[in-house]
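Trainee: Pasting a structure below so you can have a look.
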Amino acid sequence: MEKRLRWGILGTGVVAGELTEALQFTGAPVTMVASRNPEKAKKFAQKYGIPHAAQSYEEVARSGEVDICYIALPHNLHAGMCALCLGEGKHVLCEKPFTVTAAEARAVFEAARAANRFIMEAAWCRFHPLLLEVLDAVRGGLIGEVGAMKADFGIDDVLQNPNHRLLDPDLAGGALLDGGFYPVTLACMLFGSSPQRVQSSRTLSERGVDLYTSAILDYPGGRQALLYASIVHEIPDNAYLYGSKGYVELENFFYCRRATAHLRDGSVRVFERQFECDGYEYETRHVEACIEQGLTQSPILPWEETLQVLEILQQAAASDSRRQVAAPDTRKD
């Protein structure tokens, strides 16, 4: 690529910082950042050496110094911000979950098609080299015929902050949409097709966001995915793939830097690989390569697969047997 894409960052949270570090590691210019609070944008720009702290999201979207916008805002803002950036002729990388509903995502994809601009969900785990290596080995018969998987994801510090975005229904909070995204994505990567049936059970806070959710996805051939997401419990975030000849344990599966295959014959195969930077560099390089090729969507994460994950999450939210409880107080003295 003769001229690198110039990135604008919408949002100044932890993930926005990590992706900015990955962009700078790869040499991609980050020219502008915006936050709802201009002071936060200024501090973020100073921390990462970004030339300009914008006064608004609109300023980034309309800037002639930005080619692609990375959106790292609360879930409920994703659809509107994607539409804004596309309307201003910008390519877009939008954090997961891409939108709150599949209907919103379809509208955004239509806008991208009309604008002839690239857009992709920032599902960084889909680009991790080790995870892809393990899944290739599993598809190649490493553990025989795969019949089931189990994956858990937890964020255990949410209740220590009563103003946390994941506790706010107006910000599309809750465990399922945020943390449940990762187990559902792994199931989609492993099994490919959509499940035939989705069953779930959720425990809700007094404000109506799910504190924890368990789900069973039933796939053709009797295959199952057992998933759990929580913003209450401390969870190791591991995943297990079960086959007729053994199983694979993925440690911190959404980071995926170590996995172990335990085979029926008693042998063990260990997969290990460290990130070059912080793990976000793989998706950003892929995005730039796609845009260089003139693509509007990724061949690794096409729009239909983003819709597939959102539809499963919606089905899980709709099929549950609800039990409303007050959020337990896990704050430390």
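The values are calculated or read from the model by the stated rules, or taken from the named source; none is laboratory data. This structure is a prediction, so every number in the text was calculated from the model and none was measured. A quick note on method: Cβ atoms are made from the backbone with ideal geometry, for glycine too, and the neighbour counts reach across all protein chains shown. Just the protein is used for accessible areas: all its heavy atoms, side chains included, with ligands, DNA and RNA removed. Shrake-Rupley method; radii C 1.70, N 1.55, O 1.52, S 1.80 Å.
Trainee: So how many residues does region 36-65 have that are under 15 Å from CYS85 (Cα atoms) and among the small types (Gly, Ala, Ser)?
Mentor: Final tally of qualifying residues: 5.
Here is a yes/no grid of residues against (1) assigned to a helix (DSSP H, G or I); (2) touching a Leu at 6+ places or on another chain (Cβ under 8 Å); (3) free of Cβ contacts under 8 Å to residues at least 12 places away in the same chain; (4) of a type in the set (Gly, Ala, Ser):
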{"residue": "ILE50", "(1), (2), (3), (4)": "no, no, no, no"}
{"residue": "GLN55", "(1), (2), (3), (4)": "no, no, no, no"}
{"residue": "VAL60", "(1), (2), (3), (4)": "yes, yes, no, no"}
{"residue": "GLY64", "(1), (2), (3), (4)": "no, no, yes, yes"}
{"residue": "TYR70", "(1), (2), (3), (4)": "no, yes, no, no"}
{"residue": "LEU73", "(1), (2), (3), (4)": "no, yes, no, no"}
{"residue": "ASN76", "(1), (2), (3), (4)": "yes, yes, no, no"}
{"residue": "GLY80", "(1), (2), (3), (4)": "yes, no, yes, yes"}
{"residue": "ALA83", "(1), (2), (3), (4)": "yes, no, no, yes"}
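Trainee: Between ALA259, ALA239, which is crowded, with 21+ Cβ neighbours inside 10 Å, of a type in the set (A, V, I, L, M) and over 17 Å from the mean Cα position of the chain (by Cα)?
Mentor: Working: ALA239 fails: over 17 Å from the mean Cα position of the chain (by Cα).
Result of the check over ALA259, ALA239: ALA259.
Trainee: Another question, then. Is there a residue in region 117-125 that is open to solvent by 30 Å² or more (accessible area, probe 1.4 Å), farther than 23 Å from TYR282 by Cβ, touching a residue at least 24 places away in the same chain (Cβ under 8 Å) and outside any helix (DSSP H, G or I)?
Mentor: no
Trainee: Pick from LEU132, LEU142: which is under 18 Å from the mean Cα position of the chain (by Cα) and not in a strand (DSSP E or B)?
Mentor: Exactly one of LEU132, LEU142 is under 18 Å from the mean Cα position of the chain (by Cα) and not in a strand (DSSP E or B), namely LEU132.
Trainee: Return only the number of the condition from (1) part of a strand (DSSP E or B); (2) in contact with an Asp or Glu (Cβ under 7 Å, 6 or more places away or on another chain) that ASP278 does not satisfy.
Mentor: (1)
Trainee: Give the residues of region 92-118 that are in contact with a Ser or Thr (Cβ under 7 Å, 6 or more places away or on another chain) and of a type outside the set (Lys, Arg), sorted by residue number.
Mentor: Hits for region 92-118 are PHE98, ALA105, VAL108, ALA112, ASN116, PHE118.
Trainee: Sticking with this structure for a sec: Can you find a residue in region 100-110 that is part of a helix (DSSP H, G or I), touching a residue at least 60 places away in the same chain (Cβ under 8 Å), touching a Phe, Trp or Tyr at 6+ places or on another chain (Cβ under 6 Å) and of a type outside the set (Lys, Arg)?
Mentor: Yes - at least one qualifying residue is present in region 100-110.
Trainee: Would you mind stating whether VAL100 is open to solvent by less than 20 Å² (accessible area, probe 1.4 Å), touching a Leu at 6+ places or on another chain (Cβ under 8 Å), aliphatic (A, V, I, L, M) and within 21 Å of GLU304 (Cα to Cα)?
Mentor: No.
Trainee: State the number of residues belonging to region 201-217 that are open to solvent by 10 Å² or more (accessible area, probe 1.4 Å) and out of contact with any strand residue (DSSP E or B) (no Cβ under 6 Å at 6 or more places or on another chain).
Mentor: 3
Trainee: Mind counting the residues in region 236-281 that are at positive phi and either in contact with a strand residue (DSSP E or B) (Cβ under 7 Å, 6 or more places away or on another chain) or touching a residue at least 60 places away in the same chain (Cβ under 8 Å) (or both)?
Mentor: Here the count works out to 4.
Trainee: If I ask for residues that are closer than 15 Å to PHE271 by Cβ and acidic (Asp, Glu), which ones from region 216-259 would you list?
Mentor: Those that are closer than 15 Å to PHE271 by Cβ and acidic (Asp, Glu): GLU249, GLU251.
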